[in-house]
Amino acid sequence: MSLTPEQIAKRDALVDAYARVGSIEGAARQVGIPGRTAKRWMAPTGTLMPRARQARDAWLAGQSDAHGRQSRALVDAADTAITVLLDQAKGAKSAMARVQAAVAILDRAGHKPVERIDQLVRVEDVERELEGTDLRGLVKAVLGDISATPAAQPEHAAGS
């Protein structure tokens, strides 16, 4: 049986569609031919199915190569973006721009902000907590600890 040029074109289109779709029914819909005709043309005993499978394998290999190229391009772009953010964080004139850049860097690095707990502190609560405490003694002890540190000594402060 000899095929018309139109049938040959439809078969070639069916093979191309099968390469992209991976199913006979889906390829038939894309080409606009009945599913029964496509199944008959792609019968396992015919020559069309091996050609279609070969086209599918080639298409999948091309997709894999494209995915690899895209992944490498994204990694390169991410490195550039992080460099831009670091430069922005270091050189921004406004504090807000530096903070935004720093937050973006931390976000991309997977850091999660600490959840803030808002707690109302009332004077009565502090008084109750400090009840019976020798405040003068506590202040003297804290000031003594601070003045005993090397950074608080006059010679250390003068050297800085």
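The values are calculated or read from the model by the stated rules, or taken from the named source; none is laboratory data. Every value quoted in this text rests on a predicted model; they were computed, and no experiment measured them. Cβ sites come from the backbone with ideal geometry, for glycine too, and all protein chains shown count toward neighbours. Ligands, DNA and RNA are stripped out before the accessible areas are found, and what is left, the full protein with its side chains, is counted by its heavy atoms. Shrake-Rupley method; radii C 1.70, N 1.55, O 1.52, S 1.80 Å.
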With r as the distance between the Cβ atoms of Ala66 and Gln7 and R0 = 35 Å, compute the FRET efficiency 1/(1 + (r/R0)^6) and round to 0.05. 0.60
Where nothing but the Cβ of Lys and Arg (+1) and of Asp and Glu (-1) is charged, how large is the charge dipole of the chain around its Cα centre, in debye to the nearest 20? 1640
Out of Asp87, Asp65, Asp125, any idea which swings most in a Gaussian network model of the chain, alpha carbons joined below 10 Å? Asp125
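Please report, in whole Å³, the volume per residue of the convex hull around the C-alpha atoms of the stretch 80-129.
Values: hull volume 5.6 nm³, N = 50.
Cα convex hull per residue, to the nearest whole number: 112 Å³.
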Compare the Cα positions of Gly137, Gly110, Ile24 along the charge dipole of the chain (+1 at Cβ of Lys, Arg; -1 at Cβ of Asp, Glu; about the Cα centre) and return the one farthest towards the positive end. Ile24
List the pair-distance distribution P(r) of the chain, using every Cα-Cα distance, as the percent of pairs falling in each 10 Å bin from 0 up to the bin containing the longest distance, rounded to whole percents. 8, 16, 11, 14, 13, 11, 8, 6, 8, 6, 1, 0
Would you mind getting the accessible area per residue of the chain, heavy atoms of the protein chains only, 1.4 Å probe, in Å²? 80
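Once the other residues with Cβ under 13 Å from the Cβ of Pro44 are scored (Lys, Arg +1; Asp, Glu -1), what is the net sum?
For residues surrounding Pro44, the net value is +4.
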Taking the alpha-carbon centroid of each part, what is the distance from the stretch 1-59 to the stretch 75-107 in angstrom? 52
In whole angstrom, how long is each semi-axis of the equivalent ellipsoid of the stretch 26-116, when you take the square root of 5 times every eigenvalue of its Cα gyration tensor and sort them from largest down? 54, 15, 11
Under 8 Å for C-alpha pairs, at least 6 residues apart: give me the relative contact order for the chain, rounded to a whole percent. 11
Over the chain: helical MRE at 222 nm, DSSP H runs n ≥ 4 each giving -39500 (n - 2.57), nearest 500: -24000 deg cm²/dmol
In whole percent, the fraction of accessible protein surface over the chain that belongs to carbon or sulfur atoms, probe radius 1.4 Å, stands at 58
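Compute the signed sum of charges (Lys and Arg +1, Asp and Glu -1) over the other residues within less than 15 Å, Cβ to Cβ, of Ser2.
+1
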Which peptide among 48-60, 19-31 comes first, and what is the full order, when sorted by highest mean count of other Cβ atoms within 10 Å? 19-31, 48-60
If R0 = 35 Å, then Ala58 and Leu106, at their Cβ-Cβ distance, give a FRET efficiency to the nearest 0.05 of 0.20
Inter-probe distance in nm under a simple model that places probes 7 Å from Cα toward Cβ, at Ala92 and Asp134: 5.1
For the stretch 1-83, with only Lys/Arg (+1) and Asp/Glu (-1) charged at the beta-carbon, what is the dipole magnitude about the Cα centre, in debye rounded to 20? 480
